[in-house]
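Right, one structure below, let's go through it.
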Amino acid sequence: MDEITGTVLVGEAFEPVSGRVVIEGGEIEAVEETETESTDIILPAFVNAHTHLGDSIAKDAAVGLSLEEAVAPPGSLKHRRLAGADRDELVTAMRRTLRLMGRTGTVSCLDFRESGVEGARALREATRPLDIDTFIFGSGDRSVLDVADGFGASGASDDDFTDQRAAARERDVPFAIHAGEPDATDIGPALDLDPDLLVHMVHAEQPHLDRVADQSVPVAVCPRANTVLGVGRPPVGELLEHTTVALGTDNVMLNPPSMFREMAYTEREFDVTAREVLRMATTAGAEAVGLDCGVVAPDRRAALTVIDGDSDNLAGSADPVRAVVRRATALDVDRVVC
């Protein structure tokens, strides 16, 4: 049995409670209110709702390029680098990024893995020795679902994904798709596929928002990457009014996969509260694919990030939720429990 004391951000409301989290067999046994001298802040570990870990072989190579030049299949810089990468080099680069994520409070990521079956296998190998779960959205044809956890489509304008959508439904695994990143033209066709997760939705308009609500489709947004690529700003506030919204860091080649940076940027740039942003970075991503984490509550998996609330950076902060979302950095992480 393990016991962690401090200010616990409890449940989906992240209510700050002075107390302790009791862990037994990898599960939260109890969350108890009690007096404690600990200044730690205990929150759910982050779930990064959209990554491209294969980009770890080309960090910063695409900064300054357009969306099409940087990442669009099949001829962009990203896909040329992936095609020319040595497998061992790729596995090592992805593992290093995953290790960084694990050390900085992320317990799981939802990754769009390129290169079909072999790409999914390479990511499985990269993840295997680490204390971080990678939910793999595979690519290519339906055979990738023999290895991956779901299917991730590049976009409805890139190909016909009807067969892959049917295969995901047959296997009862999630089907996710990019939509509305360069413009709005692929959002309707993406929604026609009845996806389980939409990514980006930068150019979502009211009819799209209404359909998202009607179909109960969660959305993963990646504001920093959208800014770097110059494609616009997702309507985060409007999306939150219509569906569950999760937060991702997108391409490793453009930005480090820091949920701290993503949260601070989102809270600063959009009309959202710190609690909404923290939920986007934890609970929402877990809910999108059915992970048993993202909330501090009894009978849930013990996947926790423990922040040093008395660090030189955070000491004296009046609100632990705002401290985590607006101010905390990787240097403030004391411990990650997973």
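A short reminder: the numbers here are calculations on the coordinates, not readings from a lab. Since this is a predicted model, take the numbers as computed values, not measurements. No Cβ is skipped: glycine too gets one built from the backbone with ideal geometry, and neighbour counts run over all protein chains shown.
Taking Cα atoms of the chain, Rg/Rh with Kirkwood Rh, to two decimals?
Across the chain, the Cα-based Rg/Rh ratio is 0.96.
Enumerate the amide H contacts of residue 8 below 5 Å, restricted to partners 5 or more residues apart or on another chain; note that Pro and chain-start residues carry no placed amide H.
Under 5 Å from the amide H of residue 8 lie the amide H atoms of 17, 18, 19, 42, each far enough along the sequence or on another chain.
Which whole-number percent gives the relative contact order of the chain, counting Cα pairs below 8 Å spaced six or more residues apart?
This gives 22 percent for the chain.
Given Cα pairs under 8 Å that are at least 6 residues apart, what percent is the relative contact order of region 1-151?
Value for region 1-151: 17 percent.
Neighbouring Cβ atoms within 10 Å as the yardstick, rank 259, 101, 253 fewest first.
Working: 259 31, 101 27, 253 24.
By the 10 Å Cβ count, ascending: 253, 101, 259.
For residue 214 paired with residue 61, estimate the spin-label separation in nm (one decimal), with each label point 7 Å from Cα along the Cα-to-Cβ line.
Output for this residue pair reads 4.3 nm.
What is the set of long-range amide H partners of residue 106 at a cut-off below 5 Å, with H atoms built 1.01 Å from backbone N?
Sorted by chain and number, the residues that satisfy this are 46.
Using each residue's phi in region 97-103, evaluate 6.51 cos²θ - 1.76 cosθ + 1.60 at θ = phi - 60° and report the 3J(HN,Hα) Karplus result to the nearest Hz, with x for Gly and Pro.
Taking θ as phi minus 60°, the curve returns 5, 4, 5, 4, 4, x, 6 Hz for region 97-103.
Does anyone have the angle between helix 206-215 and the longest principal axis of the chain? Alpha-carbon axes, 0 to 90°, nearest 10?
Compared with the principal axis, the helix lies near 70 degrees.
Treat each spin label as a single point 7 Å out from the Cα along the C-beta direction, and report the residue 261 to residue 103 distance in nm.
1.5 nm
Using per-residue counts of other Cβ atoms within 10 Å, averaged over each peptide, order 70-80, 195-205 from highest down. Numbers along the way, then the final one.
Working: 70-80: 17.3, 195-205: 23.6.
Peptide ranking by packing, descending: 195-205, 70-80.
For region 145-216, what's the relative contact order in percent, using C-alpha pairs closer than 8 Å and at least 6 residues apart?
Relative contact order here is 29 percent.
Collect residues whose amide H, placed 1.01 Å from N in the peptide plane, falls under 5 Å from the amide H of residue 30; neighbours closer than 5 in sequence don't count.
Correct list: 22.
Put a dot 7 Å past each Cα toward the Cβ at residue 36 and residue 88; how far apart are the dots in nm?
Rounded to a tenth, the inter-label distance reads 4.5 nm.
With θ set to phi - 60°, apply the Karplus curve 6.51 cos²θ - 1.76 cosθ + 1.60 along region 252-257 and write out the HN-Hα couplings as whole Hz, x wherever there is a Gly or Pro.
Values, residue by residue: 5, 5, 9, 9, x, x Hz.
Once you have the Cα-Cα distance between residue 96 and residue 158, take 0.36 nm times their residue separation minus that, and quote the gain in nm to one decimal.
Numbers: separation 62, 0.36 × 62 = 22.32 nm, distance 3.04 nm.
Fully extending the segment from residue 96 to residue 158 adds 19.3 nm.
For region 288-338 and region 80-105, what is the separation of their Cα centres, given in Å?
Cα centres, region 288-338 to region 80-105: 25 Å.
Ranked from highest to lowest mean number of other Cβ atoms within 10 Å per residue, what is the order of the peptides 83-92, 219-228?
The peptides rank, most packed first, as 219-228, 83-92.
For the chain, take the longest principal axis of its alpha carbons; what is the angle in degrees between that and the long axis of helix 162-171, to the nearest 10 within 0 to 90?
Tilt of helix 162-171: around 40 degrees.
Return the sequence-ordered ³J(HN,Hα) values of region 308-314 in whole Hz as given by the Karplus equation 6.51 cos²θ - 1.76 cosθ + 1.60 applied to θ = phi - 60°, using x for Gly and Pro.
Those phi angles translate into 7, x, 10, 5, 4, 7, 9 Hz.
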